[in-house]
1. Sort through R146, R169 and tell me the only one that's at pLDDT 85 or above, assigned to a helix (DSSP H, G or I), of a type in the set (K, R) and within 18 Å of the chain's Cα centre (by Cα).
2. Would you check if I151 is at pLDDT 85 or above and under 10 Å from the mean Cα position of the chain (by Cα)?
3. Output the residues belonging to the stretch 147-158 that are surrounded by 12 or more Cβ atoms within 10 Å (Cβ to Cβ) and of a type outside the set (D, E).
4. Is at least one residue of the stretch 130-139 within 23 Å of V69 (Cα to Cα) and out of contact with any Asp or Glu (no Cβ under 8 Å at 6 or more places or on another chain)?
5. Show the residue pairs meeting these rules: Cβ distance below 6 Å; 6+ apart or different chains; first residue within the stretch 152-175 and farther than 17 Å from N119 by Cβ; second residue assigned to a helix (DSSP H, G or I).
6. Go through the residues of the stretch 10-24 one by one and say whether even a single one is within 17 Å of the chain's Cα centre (by Cα), of a type in the set (G, A, S) and in a loop (DSSP other than H, G, I, E, B).
7. Which of the residues spanning the stretch 126-143 are exposed (fewer than 15 other Cβ atoms within 10 Å of the Cβ) and assigned to a loop (DSSP other than H, G, I, E, B)?
8. Would you confirm, using the coordinates I've provided, whether A123 is closer than 23 Å to W62 by Cβ, small (G, A, S) and outside any loop (DSSP other than H, G, I, E, B)?
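The values are calculated or read from the model by the stated rules, or taken from the named source; none is laboratory data. Source: prediction; values computed, not measured. Glycine also receives a Cβ, built like all others from the backbone with ideal geometry; neighbour counts cover every protein chain displayed.
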Amino acid sequence: PTATATPTATPPPLVIFVSGAVQQPGMYSVAPDGRVGDALRAAGGLTLQANVALVNQAERLWDGAQVHVPAITAAALEPVAEEVSAPAPEPVTPPAGLSSSALNPNGRTALTGASNLININLASPAQLETLPGIGASKAAAIVANRPYTTIDDLERVPGIGAKTVEQLRPLVTVN
């Protein structure tokens, strides 16, 4: 008997929601190996108000992701003061630019707008691991216990108590 190659199924397109400072916000289908830049092109490109510094156009997408492009705010246009009275706190640096969002299995867009809050209902495990006190097992447990209607709902996740929830509160969102 001769071996025959089995055809591999073509993966379906990814469905992405694009919002914020883009020409045509909405839902779009992109190739299974799509990137944020592909979703932005599908939405007609960025507006003049788009804060492109907060968007990683090379980031991979996953099905159900949301790409949110924040607008430049008046505060972002003000000159930076040359004198600083106190050192700035060390920022938590989640993946830039998306809302998120959904990050998801491929770790994208669970970020929401210019605030860079991580959406615990959409974030990928990798994105959740950028949060203080969240390792691989807690990130997996957060994903497994979705959805969350309030940040306090995180207390139902094994290993996460009130103290951890309070530490995460300024860094996460459920919207």
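1. Just a single option satisfies the conditions, and that option is R169.
2. Answer is no for this residue.
3. Those that are surrounded by 12 or more Cβ atoms within 10 Å (Cβ to Cβ) and of a type outside the set (D, E): Y148, I151, L154, V157.
4. Yes, that holds for at least one residue.
5. As it stands, the answer is E155/V165; P158/A141; G159/K138, since those pairs meet every condition given.
6. For the stretch 10-24, residues within 17 Å of the chain's Cα centre (by Cα), of a type in the set (G, A, S) and in a loop (DSSP other than H, G, I, E, B): present.
7. P132, G133, G135
8. In short, no.
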